[in-house]
Structure formats: structure tokens, C-alpha cells
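Worksheet: one structure, shown below.
The values are calculated or read from the model by the stated rules, or taken from the named source; none is laboratory data. The structure displayed is predicted, hence computed values, not measured ones. Every residue, glycine as well, gets a Cβ built from its backbone with ideal geometry; the counts of neighbours run over all protein chains shown. Areas reflect the complete protein model, heavy atoms only, side chains present, ligands, DNA and RNA absent. Shrake-Rupley method; radii C 1.70, N 1.55, O 1.52, S 1.80 Å.
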Amino acid sequence: MTMEAFGEQSFPEEPFGNEWDTEPGWLSEEELGETRGRVPILYVEAVPVRVDPDGRVTEVGLLLRGSPTTGTITRSLVSGRVLHGERIRDALMRNLEKDLGPVAFPTLPLTTVPVTVAEYFPWPGERYQDPRQHAVSLVYVIPVTGECEPRQDALELSWMTPAEAASDEVVGDMEGGRGALLRQCLSAFGALG
């Protein structure tokens, strides 16, 4: 008996989308631009940290990269979209590896409950801003124990004390309100004591 007999739809064996897609779940630049103008996009962001044996944050890793909106060099968190059908844990791991390299050895939390949620809007005057889109970001603080080597579009990774990372100079070098987001995450872990 077929699935149609039970009133269920059968699906083709081929993945959805363009038959030339090499990464299912990704949108073409044109599709992404159109989608960004219509619906919020889900992201994950991670603050990579080093912790001491008692679990206290001793160092914060910040990326240096070119801004996708202004073209200037800025400090940034690990971030990226969640793909269609991708679990949040998998999106975190993929984006951590993409930005920090395959031997960063991140320790993901047992639960996917974020430290905070940031909602980015495309217009000025908002706390969190991304001129390209309305985006919702699940934000995590992720301990890493391995060697981190920036990849993809990241130019370098700088390790700083929590106080250095939360300084006005560094926070001012982060776009879209991410400096305030960084301070919020570090405060949540008692790292700015």
C-alpha cells in the first residue's frame, strides 16, 4: 500500500531545491536577498571562552573580520545561519568549526537553551541592528579547549581577559550592538565581577 492511500504525500528522492545545489538548506544569493526582505532569519552566535578548572571565564575569543555591511574591519562573535532542517547543536558546531577551525574542541551545553536571544532589525535606533535583515539570534557562551585558527572570512582570533573584551574600545569596535551583547553574556557568567 502506498503512502497516498493513507492521505499522506510522497516526496521525490531528490533533495528539495535546485538540482545543482551542492549544499541543501542553503539559499542562493538571490533567494537569500528575497527571503531577508520577507521573513526573519534564524542565527546562532557564540562567544568562545577559555575557563579555569573551577569553570570561571579567563579568556574571551573575538574574531577580527571584514564587515558584510560596511566593508570595514571589526571585532565579531562566531555567528552563522541555521540551515533548513538543521538542529541548533549542529548549527553551533558547524559555525564554530567554520570560524575557529576543526581542532578548537568546543564544549557545547547540554541543553540548547541560549544565554540570551538577540533580535536584529534593519532600521536605525534599535539595540541590535543588521541593515540587511530582520534576524533572530540564539546566543551561547561556549568553552573551547583546543587550538583555534580562524578560517573562512575571519582574519584573526584574539584572546582577551573578560575585562579587556568588555572595554569601551573593544565593544565600540563591534557592529550592530554585539558589544552590548558580549557584555550581557559575560555578566551572565559572572565574568565581569
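Overview of results
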{"read-out": "Expected-Rg normalisation [2.2 N^0.38 Å, Cα atoms] applied to the chain", "value": "1.15"}
{"read-out": "Under Karplus coefficients 6.51, -1.76 and 1.60, residue-wise ³J(HN,Hα) of the stretch 159-172 in Hz, glycine/proline x", "value": "9, 9, 5, x, 5, 5, 5, 8, 5, 4, 5, 6, 4, x"}
{"read-out": "Extension gain, Met93 back to Ser167 (0.36 nm per residue minus Cα-Cα distance, nm)", "value": "23.8 nm"}
{"read-out": "Percent accessible area from carbon and sulfur atoms, the chain, protein chains only, probe 1.4 Å", "value": "53 percent"}
{"read-out": "GNM flexibility winner over the chain from Leu181, Leu62, Leu27 (Cα, springs under 10 Å)", "value": "Leu27"}
{"read-out": "Probe 1.4 Å - accessible area at Asp173, Å² to nearest ten", "value": "60 Å²"}
{"read-out": "Pair Glu156, Glu34: separation of 7 Å Cα→Cβ label points (nm)", "value": "4.2 nm"}
{"read-out": "Label-to-label distance, nm, for residues given as Ala180 and Leu64 (7 Å Cα→Cβ offset)", "value": "2.7 nm"}
{"read-out": "1.4 Å probe accessible area per residue over the chain, in Å²", "value": "59 Å²"}
{"read-out": "Sites Leu42 and Trp123 - FRET efficiency at Förster radius 25 Å, r taken between beta-carbons, to 0.05", "value": "0.80"}
